[in-house]
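These notes concern the structure reproduced below.
The values are calculated or read from the model by the stated rules, or taken from the named source; none is laboratory data. As the structure is a prediction and not an experimental result, all values here were calculated from the model. Cβ placement follows ideal geometry from the backbone for every residue including glycine, while neighbour counts extend to all protein chains displayed.
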Amino acid sequence: MPKTYKNPVYPYRRPPELDLSEIRHCPVVVVGAGPSGLTAAIDLAQQGIDSILLDDNNTVSVGSRAICFAKRTLEIMDRLGAAQPMLDKGVTWQHGRVFFQDREVYDFNLLPEEGHRVPAFINLQQYYLEEYLVDRAQELADRIDLRWLNRVTAVDSRPDHSVVTIATQDGDYRLSCDYLLVADGANSKIRDQLGLECKGQIFQDRFLIADVIMKADFPTERWFWFDPPFHPGQSVLLHKQPDNVWRIDFQLGWDADPEEEKKEENIRPRVQAMLGEEVEFELEWASVYTFRCRKMDDFIHQRVFFMGDAAHQVSPFGARGANGGAQGIDNLAWKLARVIKGQAPAALLETYNTERQHGAAENILNSTRATDFITPKSRVSRLFRDTTLELAEQYPFARSLVNSGRLSMPCRYDDSPLNGPDAEGMPLDLRPGSPAKDAPIRLEGSDAWLLNQIGNRFVLLLDGRVDTPEAEKLSADLEGLLDHQADLDLVIVGPTPHALTQLPRSVVIEDAEGLVAERYGLAPGASYLFRPDQHVTARWTEVSAEAVGAALGRALGTHLAPLSQIQGDRHATA
């Protein structure tokens, strides 16, 4: 098969520990230099934490694999300094179309409003994402020790640390670490070594992924067919990727022979029937998969943290795998950084499990429902599906029932123990636990974006458009808090009186198009407190230093029971 992409080969370097007699101890070891492991190491590095990142290979992934990256993932990558090459290379899209048999049923727009730095989705082969993340990790090489062809063969997990054994071409060595982050994939060997399970459902159906190179006039949209004439009785999904590569997913049925279906002589007729006999194409990559929806009951085992596919898996419909993995690391890294620095109690780490179990369950629920709709297993369920599709062509109410994969949306941590007070009358979709919304701003006379002023630290967004006496009162109240809380920055929506502009670690922004006030429901004196992962943790119509200080302490988990007690109680219950 021809290839449009040449995988980079990264050099192996002899680990210095091979020449040491004692076991080296380090804060964090990350296993797996795929999207999750690289993202974790980069996020930690940006927050001042060193890590050693181990991978048993020396290149990026083979085949396009994950291709749909959602807006929230792009915002996370932007915070990590890795989004721009993704945006430059990726195929941007926000429209989709749904077909039933020989006609279009309806279309949809995922981001109809303007005023966001990143789009609703881009399509980009996973190998590009990994390459860009490796490039970013190399820029942070003073904090990330990225080791290729270093294979973890054993893990000794203890209550207060872990010891890992690593095999290389020059021999074996061991590392001790305070925290071990595991991102070694869906078939995690470390998870198996520790006797841990990933429970869920295997769907009895098979799908063929075919990446084909062609020049076609299909628009850059997501097209999904139910029971099309060229592939009767099954479903088909089409996406455009960079380099004139198109991803086509064909439903095959449970009885299909995976080895036979992967052969080019069997793939070509399917693709040709879809595209038409006159269309020329080349087959770049193909795979047949059976998918699972499953997760671990607990993402934390002593000082071992599971991430990405090692922790949870979903079907590819809805683009919830890689996107959910990025949100999980976004959740974990800031907490781990603050615990290691002594700025938060170890109990804060348990909320990674609390919040991301909720996120994983939400993704699995949506993924399972999509799969059940796409692959009905009974006559009654197929009748329901087909009737729904018939009605959706004319009736909007039926379109909400059509499920070709509910596309990845950012997770809200509504019931998080870290959430502080909420304020009445402010937008429901920005309640505590919700991710921040972007908006265009002006900063020091130049165009900028709100989200680029938020992240990696706690940030208080304050509507500073108040009169001078109120500004002086606010300034006096907040100054002591900012002096005491070194991890807190202040973003002020101006113009604002001089008194507020003199506060430490403050920046004044201009609401360029009025969208900050509109999206956040701001009025003079109102404020939002954001966590380092850009999630709202509290908000007020009238702010005070005392209220912010209390909410900040809550967000850092100072009210939580010790981690050992939480884990002990949970295991006793189990």
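Might you check whether a residue that is modelled with pLDDT of 90 or more, over 24 Å from Ile364 (Cα atoms), surrounded by fewer than 18 Cβ atoms within 10 Å (Cβ to Cβ) and in contact with a strand residue (DSSP E or B) (Cβ under 7 Å, 6 or more places away or on another chain) occurs anywhere in the stretch 405-420?
Within the stretch 405-420, not a single residue is modelled with pLDDT of 90 or more, over 24 Å from Ile364 (Cα atoms), surrounded by fewer than 18 Cβ atoms within 10 Å (Cβ to Cβ) and in contact with a strand residue (DSSP E or B) (Cβ under 7 Å, 6 or more places away or on another chain).
Take Asp160 and decide whether it is in contact with a helix residue (DSSP H, G or I) (Cβ under 9 Å, 6 or more places away or on another chain), modelled with pLDDT of 95 or more and either farther than 16 Å from Gln313 by Cβ or surrounded by 18 or more Cβ atoms within 10 Å (Cβ to Cβ) (or both).
Criteria not met by Asp160.
Can you name the strands (runs of 3 or more DSSP E) wholly within the stretch 216-335 that have at least 1 residues being within 24 Å of Lys377 (Cα to Cα)? Can you show your working first?
Values: elements: 222-226, 235-241, 245-251, 282-289, 292-295, 304-306.
Here the list reads 222-226, 235-241, 245-251, 282-289, 292-295.
Quick one: in the stretch 10-69, which of the residues that are among the aromatic types (Phe, Trp, Tyr) and at pLDDT 95 or above is nearest to the chain's Cα centre (by Cα)?
That would be Tyr10.
Quick one: in the stretch 531-548, which of the residues that are within 20 Å of Glu472 (Cβ to Cβ) and not β-branched (Val, Ile, Thr) is surrounded by the fewest Cβ atoms within 10 Å (Cβ to Cβ)?
That would be Glu546.
Considering Asp88, Asp43, which residue is in contact with a Phe, Trp or Tyr (Cβ under 8 Å, 6 or more places away or on another chain) and assigned to a helix (DSSP H, G or I)?
Asp43
Among (1) part of a helix (DSSP H, G or I); (2) touching a residue at least 40 places away in the same chain (Cβ under 8 Å), there is one condition Ala499 misses while meeting the rest; what is its number?
(2)
Looking only at the stretch 114-129, how many residues end up being touching a residue at least 40 places away in the same chain (Cβ under 8 Å) and surrounded by fewer than 22 Cβ atoms within 10 Å (Cβ to Cβ)?
Number satisfying all stated conditions: 8.
Return a yes/no flag: does the stretch 423-443 have any residue that is in the same structural domain as Leu488 (by TED's automatic domain parsing), part of a strand (DSSP E or B) and surrounded by 22 or more Cβ atoms within 10 Å (Cβ to Cβ).
Yes: the stretch 423-443 contains one or more residues that are in the same structural domain as Leu488 (by TED's automatic domain parsing), part of a strand (DSSP E or B) and surrounded by 22 or more Cβ atoms within 10 Å (Cβ to Cβ).
Among the candidates Ala326, Ala319, Ala361, single out the residue that is among the aliphatic types (A, V, I, L, M), in contact with a Cys (Cβ under 8 Å, 6 or more places away or on another chain) and within 21 Å of Pro410 (Cα to Cα).
Ala319
Determine, yes or no, whether Asn7 is under 16 Å from Leu129 (Cβ atoms), surrounded by fewer than 17 Cβ atoms within 10 Å (Cβ to Cβ) and not hydroxyl-bearing (Ser, Thr, Tyr).
For Asn7, the condition - under 16 Å from Leu129 (Cβ atoms), surrounded by fewer than 17 Cβ atoms within 10 Å (Cβ to Cβ) and not hydroxyl-bearing (Ser, Thr, Tyr) - is met.
Collect the residues in the stretch 226-252 that are touching a strand residue (DSSP E or B) at 6+ places or on another chain (Cβ under 8 Å) and either of a type in the set (S, T, N, Q) or over 19 Å from Arg268 (Cβ atoms) (or both), keeping them in residue-number order.
Phe226, Asp227, Gln234, Ser235, His239, Lys240, Gln241, Pro242, Asp243, Asn244, Gln251
Mind checking whether some residue in the stretch 370-390 is touching a residue at least 60 places away in the same chain (Cβ under 8 Å), part of a loop (DSSP other than H, G, I, E, B), of a type in the set (S, T, N, Q) and out of contact with any Leu (no Cβ under 7 Å at 6 or more places or on another chain)?
yes
Of the conditions (1) of a type outside the set (Val, Ile, Thr); (2) part of a helix (DSSP H, G or I); (3) at pLDDT 90 or above; (4) over 28 Å from Ala547 (Cβ atoms), Gln394 clears all except one; give me its number.
(2)
What is the residue count in the stretch 9-28 for residues that are of a type in the set (A, V, I, L, M) and in a strand (DSSP E or B)?
Summing the residues that are of a type in the set (A, V, I, L, M) and in a strand (DSSP E or B) in the stretch 9-28 gives 1.
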